[in-house]
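See below for the structure under consideration.
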Amino acid sequence: AQAVDIVTRCTDRALDTLDTVSQVRLRDLMMPIWAEFYYELVFAEPCPPEARDLIVGNADDVVTALKCCGLRHMDRRERLTAYLVRRIEAGEIPHKLPESFTVQEQAWYLQGAFFNTAVVQSSEAMAHLLMAIAQHRDVQAGLFAGTEDIGHVMDEALRLYPLFGVAHRITTGDIRTGTHTIPTGSVLLFNYAKFHQAGFDHPTFLFPTR
């Protein structure tokens, strides 16, 4: 209930300051919301605009680089890290941070867990969810009427649009598969999208078993 209350307030604040003319991706609409949400989760206070801009700029830079659409700009990362270091040194984090970490490492911990991964993944997931709902009027009607389970819809949206396309691992030893051997040092890729479509007659449909 508390999380719902926080995200509702963060959504209202973010949308109130939205410049709709400049928005070209659903992700751009989502990132300010989740930046504010995770800021409030960490600091237990409303997110000021300057902090939200730091978080969104860094998170957008991270996901743009991950999608191979641009280079990382480490100055953006450093500005956010410096902000977090200042807040930690001032004793303004109301939660206990890992004591074995230095202040710099505590800042990286907060940045990596809450202001990189959490903001990026929540924004991507929400964009995919809205896209799936927008394409299915029956789902929209069911959600509005309360006859459709939002959790089930979220599961299906993530099945159709997994947050990761592939995961890779490098082998540390030879792997024998029948008559073939995958040599040490090979890069193995796991296809999440293909895996999520396995076992369905119409895997690209939302709710393919209905």
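The values are calculated or read from the model by the stated rules, or taken from the named source; none is laboratory data. Keep in mind the model is a prediction, meaning the values are calculated, not measured. Ideal geometry is used to build each Cβ from the backbone, glycine not excepted, and the neighbour counts take in all protein chains shown. Heads up: the accessible areas ignore ligands, DNA and RNA and are worked out on the full protein's heavy atoms, side chains in. Shrake-Rupley method; radii C 1.70, N 1.55, O 1.52, S 1.80 Å.
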Exposure rule at most 15 other beta-carbon atoms within 10 Å, DSSP loop chymotrypsin sites (Phe, Trp or Tyr not before Pro): the chain longest free segment: 1-100
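What trypsin sites (Lys or Arg not before Pro) does the range 76-146 have in DSSP loop regions with at most 10 other beta carbons within 10 Å?
Numbers: sites: R76, R77, R79, R86, R87, K96, R137; in loops: K96.
Answer in residue order: K96.
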Determine, at each q value in 0.08, 0.13, 0.14 (inverse angstroms), the log₁₀ of I(q)/I(0) that the Debye formula gives when each Cα of the chain is one equal point scatterer. -0.38, -0.91, -1.01
For the chain, report the accessible area per residue in Å² (1.4 Å probe, heavy atoms, rounded to an integer). 61 Å²
How are the alpha carbon pair distances in the range 33-128 distributed across 5 Å bins from zero to the largest one, expressed in percent? 2, 14, 24, 27, 18, 10, 4, 1
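Among the helices of the chain (complete DSSP H runs), which have Cα atoms covering no less than 24 Å along the helix axis and a Kyte-Doolittle mean of at least -0.5?
26-43, 49-66
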Hey, with R₀ at 22 Å, roughly what FRET efficiency would A1 and D155 work out to, going by the Cβ-Cβ distance, to 0.05? 0.55
Mark the label point 7 Å from the Cα of Q104 along Cα→Cβ and return the residues of the range 53-71 whose backbone N is within less than 20 Å of it. none
Counting only protein heavy atoms and a 1.4 Å probe, tell me what percentage of the chain's accessible area is made up of carbon and sulfur. 59 percent
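What GluC sites (Glu not before Pro) does the range 59-153 have in DSSP loop regions with at most 15 other beta carbons within 10 Å? It would help to have the intermediate numbers written out before the result.
Values: sites: E78, E89, E92, E99, E105, E124, E148; in loops: E92, E99, E148.
Those satisfying the criteria are E92, E99.
By the scheme Lys and Arg +1, Asp and Glu -1, what is the net charge of all other residues having a beta-carbon under 14 Å from that of L80? Before the final figure, lay out each step's value.
Working: positive: R52, R72, R76, R77, R79, R86, R87; negative: E50, D53, D60, D61, D75, E78.
Value of the local net charge: +1.
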